[in-house]
Structure formats: C-alpha cells, structure tokens
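Working notes, beginning with the structure itself.
Only the coordinates and a few stated rules stand behind these numbers; no lab work does. A quick note: this is a predicted structure, and the numbers were derived from the prediction, not measured. Neighbour counts are summed over all protein chains in view; Cβ atoms, including those assigned to glycine, are modelled from backbone coordinates with ideal geometry.
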Amino acid sequence: MRILVIEDDALVADAMVRGLTQSGFAVDRVSSAEMAEAAMQRETFDLLLVDLGLPGMDGFEFVRRVRRAGSGLPVLIVTARDGLADRVNALDIGGDDYLVKPFAVPELAARCRALIRRSKAAGNPQVVVGHLHLDLPRREARVGGEPLELTPREWAVLECLALHAGQVVHKERLQQAVSSWTDDITANAVEVYVSRLRGKLGEAVSIRTVRGLGYRLDES
Amino acid sequence: MASPARGFSIRRRLLLLLSAPLALLLTAGVLIDYFSTISPLSAAYDQVVASSIVAVAAHLDIGADGRVKSELSDQAIAVLRADNHDEIYYLVLDADDRFVAGDAGLPVAPEGRDNPSFADAEYRDAPVRVATYRMKTASGVVLISVGETTNKRRESARNMLSYIVASDVAQLLGTLLLVWVGVRVGLRPLLALRDQIARRSARDLAALDESPVPSEVRPLTEALNRLFATVAEAANAQHRFLANAAHQLRTPLAGLQAQLELLSSDLQQHGAADPALRERVARLHTGMQRLGHTANQLLALARAEPSANPAGDFRELDLADLAKDGVAAHFDRALAAHIDLGIEAESARVSASDWLLRELLANLIDNALAYTPAGGNVTVRCGIVASGEIAPRSAFLEVEDDGPGIPEEERVRVFERFYRIASGEHEGNGLGLAIVEEIARAHGATIELTAGSGGRGTRVRVVFAARES
C-alpha cells in the first residue's frame, strides 16, 4: 500500500512517514501540492494524505484538481483548522475523511487502512481484517486459511461489520442487513448472531459492543 | 435588561412633572375665579338692599323739632319685606338713637367710607347683611338700616363655586389628556428605537437604523453604532486570530506529539537498555498530550464565545445523531480505560450549532471517562423531558457516570475556568465544563449537575429551551 504524504511541516511530515512506515505502508513525502502533482504523474499511489495549509497551491485547491481530473483515489485530509466551514469544505471538495491536528499516530494509520480497505472493496470483492479473510461473491469466510461454517444471517452480520471494520456499526444497520431473509429481526436476535460469531471467530478478530449503539469489528 | 429601566421612565417623569403643577394651577384658578365672581355678585345684592333704604327713607317724616316719624303703610312694609328666599328687616333710629320704626335690635353697620355702609352681622340667630344709611337732618344724623338674611347669597355663591370647579376640572382633564397624548406621540421615536434594540439578537452587530431616531438621541445611536462596528471588527479579528493560532499551534504540536509517540514505541520495540529513559519519554509524551489537549480546549472555549460565533451557524439537528457519533468517537478511549461507554438515545430535534454541540458532548464524555475508574460505566442519553403539565417539551442531552461524583459544595465551582476538584489527582486542565457552560449559554440551554441514578457518580444534563409546536 503506497501513500503520498503532502505536508510542508517537516516535523509533522517526518512523524507521518515514520509512523505509517512502521504500520507497514510504503510512504513518499512531498512538501507542496505542485510537487505532489509531479509525483502522481510518475508513480501510482493508493492514498493521498493532504495537509490543507500548504504553501503555494493550498490543499483545497489541490484536492479539487485531483477530483476534477477524475481520480477516485482516497484522500485523507489532515488539518489544523476545525471550524465547521473547514470540515464541511474538506468533505465537499472531495476528501474522503479528515483528521484534526494534533492526532495520534495509531489513529492516523487506522484511518488510512480503513480508507484503503474501503476503496479496494469497491473493485475487489475480498475483505481482509487481520487474520480474517472474506470472499464476498462466494460468501466464504476464512480465519488463517481455515474456512468458517456460517449461517446466512451470521454471514450477513459479519460482512457488514467487516466492510466497516474499525467503525461502529449501528444495531439498526445490522438488523437491516439480516432482515433481507425474514420479515423482522429484533435487536436481540442481532445480539445472538454476534455472540455466535464471537464464538466462531475466536481470537482472530474482536467484535466489541458499544452499549446501546452497536458493534465494532477490530483486528485483535 | 428590563429591571434597571423600570425605576426610571421618561414618560412617567414627564407626566408627573406636568400634572402636579397643572393641579396647583387648577386650584389657584378656582380660587381666583371664585373671588372675582363673588364680589360683583355681592355688590349687586347690596345694591338691592340699598334701594330698600331709599324706599324707607322716602316715607320718613322729619318734623321741624327734629322728631322722626315713619309713614310706611302696612302695605308698603309688606312690599318691602316681600322676598321668596330671605327675611328682610329694617330699622329707623333718630338722631338720639331712639327707636322710630322697624325691627328693634337689628344691628347697625358701622360708619364707613361709603354711605350707606354695609356689614355682615347676626340677627335672630341667622347671619344677615346689613346696610345703614346715615341721613343728615337739621337735628342730627338719622340712621336707616335694612337687613337681609343671606340665603340667596349663599345659594348663588354655592352655585357659582360648583360651576367654576366643574369647568376648571374639565379644563384640567382636557389638558392632561393632551399632555398624555403629546408625551406618547413625542416619545414614539424613542420607543421605536427601544423596540429595535430589544428585537436584536445578542450576536447581531449590524448598525441600528437611524432614520426614525430624533436628533436628541442621535449621539447615543451614533455612539452605539460606532461601538457595534468596533466590536464586529474585533470579532472578525478574533476569528482570524483563532484560525491562525489554531494552525500555528497545532501543526508543531502535532509534529512533536507524533514524534514522541514514535520515539516511545521505538524505545519499547528495541528494548532500550535504560528503563528510566523510556519512563522519561513516556512522561514527555503524556505532557505533550496534555499540552495539545489544553490548546484545543482553549481554542474551543474562545470560539464558543458569542462574539466569535455568528448566529448563522445554527441549524436543525437531531441530538440522537450527535450522541451516537460522540459515543463512537470516544469508544477507543473507553476501551483503553476499561470503561463501559454506552448510549440511550431517543430522537430530539433542536436548533443548534452542530460543531459546538459536538464540542460540548466531547467535553462531557472526556470528563466522565477521566473521572470514572476502570470497570465503571458512562452513559450518554438524549431525548425529550416534559417540563410541567402544559407540556412545552424540552430536548436534553446528558452524560452520566458512576465514578466518585462531585461533592455538593463543589458543584457550582466546577464550571469556573481552570477550576479542578481538590480531591482529584487527574490530569484535567479545568476547562471542560467551562466550555460546556459557554456552549450551553450560546444555545440558551441550562445545565443541571446532579448525582447519578442511585446517588452515585455524576450526571450532567443540558436542557434546551422548549420549542413551540
């Protein structure tokens, strides 16, 4: 997974490069939008990490140009400005997610991973979360290469959680994901499927309960 | 705003200042009118009495020896005494003051400048007006007195007085009405200005419309408009400053914090020989996190203040969405602290600033997580409270924990900036609840700080003003 970091502050950029490299990404860094455009002509990247306050062409303009050129590359915007206008703008101009400085390195890595996974899932029907591997068209789940026996409803719950790994999935959403087979599935039923899944998944990944809200699938 | 204005009202002052002297003028007017009408009236009645003297005098026969004899016939006397309202008396005394004719004992008016002279006296237990004519004869002065009871005079004086009072009171009421209307109409531009100011939102810094403002007040509105302009410029400057400060502070903080994070994980991985070194880096890292947190809090607090926050930010939103996002965003921290973070959300719509409320909720959850020991529970709730029977229903957002709670005597103080609970050895900066309060105030919401359910822990509830319909 290759990430292009566009950040003019050397200290921040260095931390991003180190942190993401440690998390297993290949990382290139440039300090201006103009340099980023040149780099993107030479190489292919899986994610752009863009600081909004850049010298010369600013981050807004850069992302707008990337999108105008028709690129669907995931873009994570990193900004020191957290005003409402800035947040709305960041997403409006075509950013996929934003992170306000200062940030924790693990969170940065997690966001990058989630964005890349989401963009891959769109074209590639394989989802990988830690040791869990889902083949979406064949409805097959494997843990460390071993196939898992899942009922259709358990599969539906796991698929929904895995597609949004690292994010809280609301109970209502899981209910809807399961309801395509029968008329109404209660929230309690969802709990039952989740607890069965936990049993089958073991230590491979963890499904965490957010009381009253839903569940989150994380790498163990 | 209303209470200091109550003590002093220009309208009341004008009405009072005008009506008190007007009432005095009325009293003086009544007196002047009364006395200026009563004396000609009295003179006219005196004239009638005097003419009776002439009739009596005409019938006196004064002999050569000076003896006086009355030749008034009974018929003439009857004519003389004829009156519907008053008794009429007469008396004739000769030069030696001997009784000649008439009603003995009728008082005699003392001699005055005029002849006949007049006097008020009493006769047969009733007040009388007496006229006495001193007729010079060869033998001396003959006195002819005619007296008349005062019924007619008193009657007409009374009539006169009530007429005068009635007409003057009518005039006064008319004048007061004109004054009242005049004051009202005259003050109308001032009241319009007052309403214009009262209608404004506290965040509105636009200039006042000066077209209906009278010239006396114009210096005031001009000063206000200059002030508004200055404040608006200051707010803009503050806005720019905050945006710049945010960028200039956060970028190096982000760099330092991330570098320290990496350094500490490097040391961990490479199993650095010196555990004290790892400890020092870990401390630096924690300190840096606190610095970053405080910088964020200070910026949030500054931006929550009304002057930095234009009203245009407000829109319709559902507290349940906000609460769900808030819980999801804090789930990792709760997980790390081994605290069960949960939510009980019902849909509750409010008009609010989305990012301000997110900031508010983030601070409430942060606090709850910081002050709740491992194994504890933190619950975010939102919904509708019915306040009172005639249900204007208010939306609320609350965070409850089952930590050690806040002692009753500290509950007011915790909203002060930089205040920290004495007993806690926690790493707060004391800004969280100040931000919450500032944001609640910007939304016209109230904060209730109580113990949690079962008397344990802390519950902070933000109640939004009830909405119509």
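Remarks
- For the range B:12-157, a Kirkwood radius taken over Cα pairs fed into Stokes-Einstein (20 °C, viscosity 1.002 mPa s) yields D = 124 µm²/s.
- Taking only the Cα atoms of the range B:108-218, the ratio Rg/Rh comes out at 1.61, with Rh defined as the Kirkwood radius.
- Distance histogram in 5 Å bins (all Cα pairs of the range B:219-307, percent per bin): 3, 12, 15, 14, 11, 10, 8, 7, 6, 4, 4, 2, 2, 1, 1, 0
- Chain B - Rg over Rh from alpha carbon coordinates, Kirkwood radius: 1.52
- Springs between Cα atoms under 10 Å define the GNM used for chain A, and in it the highest mean-square fluctuation of A:Ser119, A:Ser31, A:Ser179 occurs at A:Ser179.
- Tensor-based shape of the range A:2-123 (alpha-carbon gyration tensor, a/c under 1.5 rounded, otherwise prolate or oblate): rounded
- Pairs of Lys residues in the protein assembly as shown are counted when their Cα atoms are under 27 angstrom apart and they lie 8 or more places apart or on different chains; the count is 7.
- Per-residue mean of C-beta atoms belonging to partner chains within 10 Å, peptide A:12-20: 5
- Percent antiparallel among DSSP beta bridges (both partners in the protein assembly as shown, rounded to 5): 75 percent
- Bins of 10 Å, starting at 0 and running to the largest distance - Cα pair percent for the protein assembly as shown: 2, 10, 15, 16, 12, 7, 5, 4, 4, 4, 5, 5, 5, 4, 2, 1, 0, 0
- Of A:Asp51, A:Asp97, A:Asp14, the one that fluctuates the most in a GNM where chain A has Cα springs shorter than 10 Å: A:Asp14
- Nonlocal amide H pairs with A:Asp97, under 5 Å, H built at 1.01 Å: A:Val75, A:Ile77
- Peptide B:244-253, shielding by other chains (average Cβ, 10 Å cutoff): 6
- Mean-position separation - Cα centroids, the range B:164-201 and the range B:93-113, in angstrom: 65 Å
- Chain A - percent relative contact order, Cα under 8 Å, separation 6 or more: 13 percent
- The HN-Hα couplings worked out from phi for the range B:77-92 by the Karplus form 6.51 cos²θ - 1.76 cosθ + 1.60 (θ = phi - 60°) are 5, 4, 4, 4, 7, 5, 6, 6, 10, 10, 7, 10, 10, 8, 8, 10 Hz, whole numbers, x standing for Gly and Pro.
- Under the Karplus curve 6.51 cos²θ - 1.76 cosθ + 1.60, θ = phi - 60°, whole-Hz ³J(HN,Hα) for the range B:12-27, x wherever Gly or Pro sits: 5, 5, 4, 4, 5, 5, 8, 7, 5, x, 5, 5, 5, 4, 4, 4
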